[in-house]
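Coordinate-derived values only; no laboratory data. Nothing here was measured: the structure is a model prediction, and the numbers come from that model. Methodologically, a virtual Cβ is constructed for each residue, glycine included, from the backbone with ideal geometry; neighbour enumeration extends over all protein chains shown.
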Amino acid sequence: MNTLAQQIIVYLSTKPSISSVTHLDPSDQPVSTLMKDIATTAAFRQLESVLHQTLPSCRLERSAIPLCPSVELALLQTELPQTPLPDEELRQVLASPAYWCFCWASGQVLAQYLLAHPERVAGKSVLDFGAGSGVVGIAAMLAGARKVIAVDLDPAALAACAVNAAINGVQLTMVHNLDAVQSPIDLIIAADVLYDRDNLHFLDSLPTLATDVLIADSRIKNFNHPQYRLLQTQTATTWPDLEEHPEYNQVRVFEHTR
Ligand SMILES: C[S@@+](CC[C@H](N)C(=O)[O-])C[C@H]1O[C@@H](n2cnc3c(N)ncnc32)[C@H](O)[C@@H]1O
């Protein structure tokens, strides 16, 4: 059983439930803005119906990210059900964890880093590998990237990227895997993808696809790759808070430059 999935289960079965989905207020807006908001609301509802395939008793909420309050994402409700999940629901969650409905600690830290260092992305073509909610790619666009390609093998994550991009007024290009990327890339950003040890080989292959690579991670204890240097260490929690072990709250950002 996957460690993250286990943690999600523990979290889902111990948190109380209340709170409501944020609704867009259509009053006093120009028609084009209103149309966009209606489309975003419809896409939000569709995304929520995807969540319901594994977690029928949970809702999505629009929430500001603690370390980057200017970024809002459609994420799992912050107040979660108190009662244990029914067996079937639990099985579904384990079979296909909805990583995209969390903003992971590493994603928060890397997004905050890019917003604080727009020179890293300004005018550049950026690829967000393992985009999930799209938080890092969205931050790159907000910081002035020319283009961001969000890559995720989970189709629901790409749907989440689309909704979250619309919420934040930016555009992302979405693809399912690296092979589908045709255009040259200046910078690859990847947050919290090394929880899956099968992804470790990407540490070697990503630098062949772009001049610069930034990796944010809190899952590898002794990250000691000769071609990456530590850029910064920061404490952060996944949002909504999964109350993970403190060691997973120590996020390190690594850089590979040619
Ligand atoms: C833990 S989430 C992190 C999401 C986001 N980067 C963040 O920090 O909030 C990991 C995401 O990477 C995706 N992923 C994992 N391995 C991948 C791979 N080999 N190729 C593409 N996406 C991958 C998963 O589907 C998931 O959406």
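Say whether the condition of being aliphatic (A, V, I, L, M) and exposed (fewer than 13 other Cβ atoms within 10 Å of the Cβ) is met by at least one residue in the range 40-63.
Within the range 40-63, one or more residues are aliphatic (A, V, I, L, M) and exposed (fewer than 13 other Cβ atoms within 10 Å of the Cβ).
Looking across Val213, Val251, one residue alone is touching a residue at least 12 places away in the same chain (Cβ under 8 Å), farther than 22 Å from Ile65 by Cα and in a strand (DSSP E or B). It is Val213. Name the single residue, out of those in the range 89-132 being closer than 22 Å to Thr233 by Cα and of a type in the set (Ser, Thr, Tyr), that is surrounded by the most Cβ atoms within 10 Å (Cβ to Cβ). Of everything passing the filter in the range 89-132, Ser106 is surrounded by the most Cβ atoms within 10 Å (Cβ to Cβ).
Looking at Ala180, Ala165, Ala159, just one residue is more than 17 Å from the chain's Cα centre (by Cα) and among the aliphatic types (A, V, I, L, M), and that residue is Ala180. Do we find that Glu79 is surrounded by fewer than 19 Cβ atoms within 10 Å (Cβ to Cβ) and either over 15 Å from the mean Cα position of the chain (by Cα) or polar (S, T, N, Q) (or both) in this structure? Considered against the rule, which asks whether it is surrounded by fewer than 19 Cβ atoms within 10 Å (Cβ to Cβ) and either over 15 Å from the mean Cα position of the chain (by Cα) or polar (S, T, N, Q) (or both), Glu79 comes out as yes. Checking each residue in the range 200-258 for being of a type in the set (Lys, Arg) and surrounded by fewer than 19 Cβ atoms within 10 Å (Cβ to Cβ) picks out Lys221, Arg229, Arg252, Arg258.
Can you find a residue in the range 67-75 that is more than 12 Å from the ligand (Cβ to nearest atom), touching a residue at least 12 places away in the same chain (Cβ under 8 Å), surrounded by fewer than 24 Cβ atoms within 10 Å (Cβ to Cβ) and not basic (Lys, Arg)? Yes, because at least one residue in the range 67-75 is more than 12 Å from the ligand (Cβ to nearest atom), touching a residue at least 12 places away in the same chain (Cβ under 8 Å), surrounded by fewer than 24 Cβ atoms within 10 Å (Cβ to Cβ) and not basic (Lys, Arg).
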